[in-house]
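Visitor: Provided herewith is a single structure, encoded as structure tokens, for subsequent inquiry.
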2 protein chains.
Amino acid sequence: MAADPATSTEENAFDAATAVQRSAEGRYTGDIHPGWTHGGKPNGGYLLAILARAAADAVAAAGADHPHPLVATSTYLSAPDPGIVDVEIDVLRVGRSASQLRGRLSQDGKPCVESVLTLARLDPDAEPRFHDVEPVPVPPWEECEGGFRTTPEVEGAMDGALERRLDPATSGFFRGEPTGRGEFRGWLRFHGREPDPLALLFVADGFPPATLDLGSTGWVPTLELTVYVRALPEPGPLRVRQYTRLVQQGFFDEVCEIWDSRDRLVAQATQLAGVRFP
Amino acid sequence: MAADPATSTEENAFDAATAVQRSAEGRYTGDIHPGWTHGGKPNGGYLLAILARAAADAVAAAGADHPHPLVATSTYLSAPDPGIVDVEIDVLRVGRSASQLRGRLSQDGKPCVESVLTLARLDPDAEPRFHDVEPVPVPPWEECEGGFRTTPEVEGAMDGALERRLDPATSGFFRGEPTGRGEFRGWLRFHGREPDPLALLFVADGFPPATLDLGSTGWVPTLELTVYVRALPEPGPLRVRQYTRLVQQGFFDEVCEIWDSRDRLVAQATQLAGVRFP
């Protein structure tokens, strides 16, 4: 089913699902694909990627050479249904080294996502001046587990766009044995495309919710998601660590760290989401 | 100079500096106090607290019992000068358990800060269902160092509002010997008021920039700040850890974790800021 990354000429399913059409200055339409929803409710990182695609178009139309999301934040008001959505982008400021934009995704006039983005041009040769986050240890790709499922629809669509593998030490949930540590580690690679800053916005919310590993049930609605893209990822699989630090009063935080194939930290994300336990 | 916390009846200088006046529905004015600026540029957490005070008023006016900031994000476009600022609050959604608002702080018509906030009512008796962040070790208050200075103006004003003490193991910068670890740990308490969710928004950006401990120079402009308030803090001093994980291409991320006097994690924050080195 999945195309070979080296030979595919088809549009990747992630690119197809996040495509936007400009209808007027700062006004776009997108199309929520049902395969990127959980029980009809779209993944938060998927919606953020749609907003960022529209923002990148708007900043280019404003004449700025700031193609990459550097900071992307979004607050989720209500979940749109699969189908057409409207995206409004207001350019707040075009600066020398970065531009800032406000985005809103709505459906039938109902606001769904409120977003503020900072776009810039990431330096392909940037090297850390200081870092203290070592790449999380994950066994080689072949020794990690694929084929896990949270819901059949979303996983089916993702299978056409990308492949995820979990470190068996963290994948107990999918064998009915959550570890109780609230962490998933593993790999992610796209079919037919290499990772880029836009894709990282999705990957930052693209692993199963860390609370599954604590025994949570049902949908995990993201309230807010903040992603910092720190570097242009090299081609190849991404190494991902997603974990929670505090579950309290029906909310949990979730940190996501992403390294590229050269072991560089390319994105850092945090979200606050709602959660239920049996 | 500083009032005794137990007996003061004067308004705390933080409350005075963050006060807002409603001029129309969703429209407020605030006053940037020069003592809360670094070389004339206001602290990012200070501006976020002004926005959150206006948001709390607006959500109360909308009839919702959501007095506490649960999530507060802000993007900094340009630094206002000391003096009058305008705050616009748009209520995006009033829900059963939380309300979401958009805020903008501007001066003389120029947009300065774009913010999205989620307000709710925090449960005073909430206990963690899961947590894996132990309170950072800090020596007792008396053994920590006060009186450190980044810039005289801002520290002078803060001295009237609050007191900060640094763990001597992390305060080498102020003795001309940065440790190179990019971390400050210590205590913070207010004079004449106890900590509350609003104050935590300031505290989340209230320690010296972690990059000073790496030898950075000059102003550290925050691009974006995200704060999650996780619990109502108990009275007493706050324990603070502020650290960076990656400095690259002139940007650094900074995480801030805050515990209350009962050793509960009460706030988690992350920011992306610009930085220069000699």
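The values are calculated or read from the model by the stated rules, or taken from the named source; none is laboratory data. Please read these numbers as outputs of a predicted model, since none were measured by experiment. In this analysis, Cβ positions are derived from the backbone assuming ideal geometry, glycine residues included, and neighbour counts consider all displayed protein chains.
Visitor: Any residue in region B:108-124 that is away from chain A (no Cβ under 14 Å) and surrounded by 14 or more Cβ atoms within 10 Å (Cβ to Cβ)? Give the steps one after another, and end with the answer.
Guide: First, the residues of region B:108-124 that are away from chain A (no Cβ under 14 Å): B:108.
Now drop any that are not surrounded by 14 or more Cβ atoms within 10 Å (Cβ to Cβ), which leaves none.
Checking region B:108-124: not a single residue is away from chain A (no Cβ under 14 Å) and surrounded by 14 or more Cβ atoms within 10 Å (Cβ to Cβ).
Visitor: Return a yes/no flag: does region A:78-88 have any residue that is within 11 Å of chain B (Cβ to nearest Cβ) and either out of contact with any helix residue (DSSP H, G or I) (no Cβ under 8 Å at 6 or more places or on another chain) or more than 20 Å from B:A273 (Cα to Cα) (or both).
Guide: Looking through region A:78-88, at least one residue is within 11 Å of chain B (Cβ to nearest Cβ) and either out of contact with any helix residue (DSSP H, G or I) (no Cβ under 8 Å at 6 or more places or on another chain) or more than 20 Å from B:A273 (Cα to Cα) (or both).
Visitor: Moving to a separate point now. Which one is nearest to the chain's Cα centre (by Cα) among residues in region A:176-195 that are closer than 14 Å to A:A161 by Cα and in a loop (DSSP other than H, G, I, E, B)?
Guide: Selected residue: A:P195.
Visitor: Hey, another quick one. I'd like the full set of residues that are free of Cβ contacts under 8 Å to residues at least 24 places away in the same chain and among the acidic types (D, E), limited to region B:99-122.
Guide: B:D108
Visitor: Here's a follow-up. Any chance region A:188-206 includes a residue that's among the aromatic types (F, W, Y), over 17 Å from A:V229 (Cβ atoms) and away from every other protein chain (no Cβ under 14 Å)?
Guide: Residues of region A:188-206 among the aromatic types (F, W, Y): A:190, A:202.
Right, trim to over 17 Å from A:V229 (Cβ atoms) and you get none.
No, the conditions are met nowhere in region A:188-206.
Visitor: Right, next: Inspect region A:11-28 for any residue being in a loop (DSSP other than H, G, I, E, B), at pLDDT 95 or above, within 19 Å of the chain's Cα centre (by Cα) and under 24 Å from B:V116 (Cα atoms) and give the result as yes or no. Explain how you work it out, then say what you get.
Guide: Going through region A:11-28, the residues in a loop (DSSP other than H, G, I, E, B) turn out to be A:11-12, A:18-19, A:25-26.
Okay, now just the ones that are also at pLDDT 95 or above, so A:18-19, A:25-26.
Next, from what is left, pick out any that are within 19 Å of the chain's Cα centre (by Cα): A:18-19.
Going one step further and asking which of them are under 24 Å from B:V116 (Cα atoms), we end up with A:18.
Scanning region A:11-28 turns up at least one residue that is in a loop (DSSP other than H, G, I, E, B), at pLDDT 95 or above, within 19 Å of the chain's Cα centre (by Cα) and under 24 Å from B:V116 (Cα atoms).
Visitor: Out of all the residues in region B:246-271, which are assigned to a loop (DSSP other than H, G, I, E, B) and either among the acidic types (D, E) or within 10 Å of chain A (Cβ to nearest Cβ) (or both)? Please lay out each step first, then the result.
Guide: Looking only at region B:246-271, we keep the residues that are assigned to a loop (DSSP other than H, G, I, E, B), and these are B:249-250, B:260-264.
If the condition is that a residue be assigned to a loop (DSSP other than H, G, I, E, B) and either among the acidic types (D, E) or within 10 Å of chain A (Cβ to nearest Cβ) (or both), then B:Q249, B:G250, B:D260, B:D263, B:R264 are the ones that fit.
Visitor: Mind checking whether some residue in region B:100-109 is closer than 30 Å to B:A62 by Cβ and touching a Cys at 6+ places or on another chain (Cβ under 7 Å)?
Guide: Let us first name the residues in region B:100-109 that are closer than 30 Å to B:A62 by Cβ, namely B:100-109.
Still in the list and also touching a Cys at 6+ places or on another chain (Cβ under 7 Å): B:105-106.
The answer is yes, given that some residue of region B:100-109 is closer than 30 Å to B:A62 by Cβ and touching a Cys at 6+ places or on another chain (Cβ under 7 Å).
Visitor: Moving to a separate point now. Go through (1) away from every other protein chain (no Cβ under 14 Å); (2) touching a Lys or Arg at 6+ places or on another chain (Cβ under 9 Å) for A:E183 and report which single condition fails.
Guide: Here A:E183 meets the rest and fails (1).
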